[in-house]
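The values are calculated or read from the model by the stated rules, or taken from the named source; none is laboratory data. In this text, all values refer to a predicted model and were calculated from it rather than measured experimentally. Don't worry about glycine lacking a Cβ; one is built from the backbone with ideal geometry, like all the others, and counts go over all protein chains shown.
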Amino acid sequence: MSLRIGIIGCGAIGQDHARRLHFKLSGASVVALNDINLEATQAFSLASGINAKVYANYEDLIQAPDVDALLVASWGDAHEEQVLACINAGKPVFCEKPLATSAAGGLRIVEAEVKHGKNLVQVGFMRRYDAGYRALKKTIDAGAIGDVLMAHCAHRNPSVPENYVGDMGITDTHVHELDVLRWLLNDDYVTAQVVQGRKSRNSNGNLHDPMMVLLETTQGIRIDTEIFVTCRFGYDIQCHVVGETGVASLPEPASVALRSGGRQSTEILMDWKQRFIDSYDVELQEWLEDIKVGLVNGPTAWDGYFASATAEACVEARHSKQIVPIRIANRPAFYDRG
């Protein structure tokens, strides 16, 4: 069975996913595309060799009888409306993060999915599909370090564009840790605090970089994450989980150890796509296989809502300079697994 996929949003990530689904992965073809830039989307459809039908509006694409499932990769503010339309049509939808740009929007999606009565929504938190994170989770779940006490993390980028400002360190960058750490530790957050110290001279006038986010979980685990998006030296993701009997660390990406010129060195990646490109393949292939049996095994609408609500609390903590409680709605039994 080959699934017929429609893609809403054909910018860089939408085009990458379209090529991935149509040419690289098994069990799917891209048959429909939509984007606000209609001319560019038509040009992409032809130049890529996908030759999908291009729709002027996403509503018609969602309702098309020859579209089995949807992938939403439009700009974040449009996600809520588009995902709700997919739920109303009863079609599975993969939505790139964020699920919604507010906790209230995420909760509306959760409520609509529960009312529909079937899991349809998966959110694009690709780190859960990274081989390193999966190995780390396997180690923690096996009890190799005993009960987890703390986690020390870092999310470093060499640079960001000038339009990366304000709270984007939390809403656009740290949101990945917000999801993957809940999954990794099998725990939820209860408080958030943000600490800002000395500002790097490499950050622009409307960005305070770096910052530190401190989270507390329901079990009392303490998590600190350094967010440093103008570090210059490379794209560097770190995660060290401290347990009662040991420490488990996220593996470094594979690289050649070089001895030359009186130095021993290994390469540091400069691009996030290089670091996580394989996880996108695994993520979407598993999504396709799950659709065929009517399941959502990846990050759910509830996970997307939880990330948005936690990000809101972190933003509040950044501005108030206080420890902020993370207020979450009661989780519907609909999202229980196993």
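Can you tell me how many residues in the range 291-325 are part of a helix (DSSP H, G or I), in contact (Cβ under 8 Å) with a residue 40 or more places away in the chain and either in contact with a Ser or Thr (Cβ under 9 Å, 6 or more places away or on another chain) or among the small types (Gly, Ala, Ser) (or both)?
11
Could you tell me how many of the residues in the range 166-192 are polar (S, T, N, Q) and outside any helix (DSSP H, G or I)? Write out each step before concluding.
Of the residues in the range 166-192, the ones polar (S, T, N, Q) are 171, 173, 186, 191.
Filter once more, keeping what is outside any helix (DSSP H, G or I): 186, 191.
The number of residues fulfilling the criteria is 2.
Can you name every one of the helices (runs of 4 or more DSSP H) wholly within the range 1-83 that holds 3 or more residues which are at negative phi and among the small types (Gly, Ala, Ser)?
Details: elements: 12-19, 38-48, 58-63.
Fully inside the range 1-83 and qualifying: 12-19, 38-48.
With THR245, THR218, THR230 as the choices, which residue is crowded, with 18+ Cβ neighbours inside 10 Å, among the polar types (S, T, N, Q), at pLDDT 90 or above and in the same structural domain as PRO161 (by TED's automatic domain parsing)?
On the way: THR245 fails: crowded, with 18+ Cβ neighbours inside 10 Å; THR218 fails: crowded, with 18+ Cβ neighbours inside 10 Å.
Checking each option against the conditions leaves just THR230.
Specify the residue that is farthest from ASP147 (Cα to Cα); the eligible residues are those in the range 214-256 that are in a loop (DSSP other than H, G, I, E, B) and of a type in the set (Phe, Trp, Tyr).
Filtering the range 214-256 down to residues in a loop (DSSP other than H, G, I, E, B) leaves 218-221, 229-235, 244-246, 250-256.
Checking which are of a type in the set (Phe, Trp, Tyr) leaves us with 233, 235.
On the way: PHE233: 34, TYR235: 30 Å.
The selected residue is PHE233.
Looking at (1) farther than 25 Å from LYS24 by Cβ; (2) touching a Lys or Arg at 6+ places or on another chain (Cβ under 7 Å); (3) not acidic (Asp, Glu), can you tell me which one LEU70 breaks?
(1)
Among the residues of the range 154-207, count how many are without any contact (Cβ under 8 Å) to a residue 40 or more places away in the chain, farther than 25 Å from TYR305 by Cα and surrounded by fewer than 19 Cβ atoms within 10 Å (Cβ to Cβ).
8
Can you confirm whether ARG259 is of a type in the set (Lys, Arg) and either assigned to a loop (DSSP other than H, G, I, E, B) or loosely packed, with under 12 Cβ neighbours inside 10 Å (or both)?
Taking the combined requirement at face value, the residue satisfies it.
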